[in-house]
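The values are calculated or read from the model by the stated rules, or taken from the named source; none is laboratory data. These numbers were taken from a predicted model, which means no experiment stands behind them. FYI the Cβ positions are ideal-geometry reconstructions off the backbone, even for glycines, and counts take in every protein chain you see.
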């Protein structure tokens with residue numbers, strides 16, 4: 001059975017940084033749910049802004065099923081790989097059934113994540129910390145299929161990334177011992 005390390009967390013938490021570091025350390029590749037969505041969106045001429053991609057991703061799930069995206073990435077993994085950006089409980093449940101999934105939640109305080117997202121130009125519509133937190137809550141509530149906070153509760157391991165890159169790497173080194 002293939003081993004998948006799932007890296008999940010909210011915007012600005014350090015998911016990509018963690019995934020790249022673990023991939024280098026463990027000698028495997030990183031596969032992004034959002035990357036697959038962007039590829040499909042590009043093929044259909046859909047804009048790549050955050051809301052358009054969220055809506056398109058939700059449409060894919062509705063049309064093709066919740067297993068479509070994780071399965072498409074799982075098929076690309078030979079023995080071991082890292083998948084980032086899962087935001088739906090059903091995606092995680094699929095990988096739990098079809099791989100040896102080790103789920104790692106990365107999080108940081110909202111103020112820190114806001115500053116990181118701001119520095120990367122990834123705030124979407126938010127211009128203040130209050131808007132950032134409000135939009136994040138809206139994205140994870142109601143009838144939306146994206147439930148990052150519920151997904152994080154399913155994690156096997158959690159890392160708080162409020163410090164330096166070196167502190168994150170140290171925490172990941174401790175986690176990498178499970179491999």
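Observations on the model:
A quick yes/no check of all residues on (1) surrounded by 20 or more Cβ atoms within 10 Å (Cβ to Cβ); (2) under 18 Å from residue 25 (Cα atoms); (3) modelled with pLDDT of 95 or more:
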residue	(1), (2), (3)
88	yes, no, no
92	yes, no, yes
103	yes, yes, yes
127	no, no, no
132	yes, no, no
135	no, no, no
139	yes, no, no
164	no, no, yes
175	no, yes, no
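- Boolean, residue 19 is in a helix (DSSP H, G or I) and either at pLDDT 95 or above or more than 18 Å from residue 152 (Cβ to Cβ) (or both): yes
- One residue from 2, 15, 29, 97 being farther than 30 Å from residue 134 by Cα and touching a residue at least 60 places away in the same chain (Cβ under 8 Å): 2
- Conditions (1) outside any helix (DSSP H, G or I); (2) under 17 Å from the mean Cα position of the chain (by Cα); number of the one not met by residue 162: (2)
- Hey, residue 135 under 14 Å from residue 6 (Cα atoms) and either assigned to a helix (DSSP H, G or I) or in contact with a strand residue (DSSP E or B) (Cβ under 8 Å, 6 or more places away or on another chain) (or both) or not: no
- Qualifying residue in the range 27-39 (condition: more than 13 Å from the chain's Cα centre (by Cα) and modelled with pLDDT under 90): yes
- Qualifying residue in the range 40-63 (condition: assigned to a loop (DSSP other than H, G, I, E, B), more than 18 Å from residue 7 (Cβ to Cβ) and at pLDDT 90 or above): no
- Test: residue in the range 67-85 that is on the phi > 0 side of the Ramachandran plot, crowded, with 16+ Cβ neighbours inside 10 Å and in contact (Cβ under 8 Å) with a residue 12 or more places away in the chain: yes
- Count of residues meeting criterion [surrounded by fewer than 18 Cβ atoms within 10 Å (Cβ to Cβ) and in a helix (DSSP H, G or I)] in the range 22-33: 3
- So residue 144, is it under 24 Å from residue 60 (Cα atoms), at pLDDT below 90 and more than 16 Å from the chain's Cα centre (by Cα): yes
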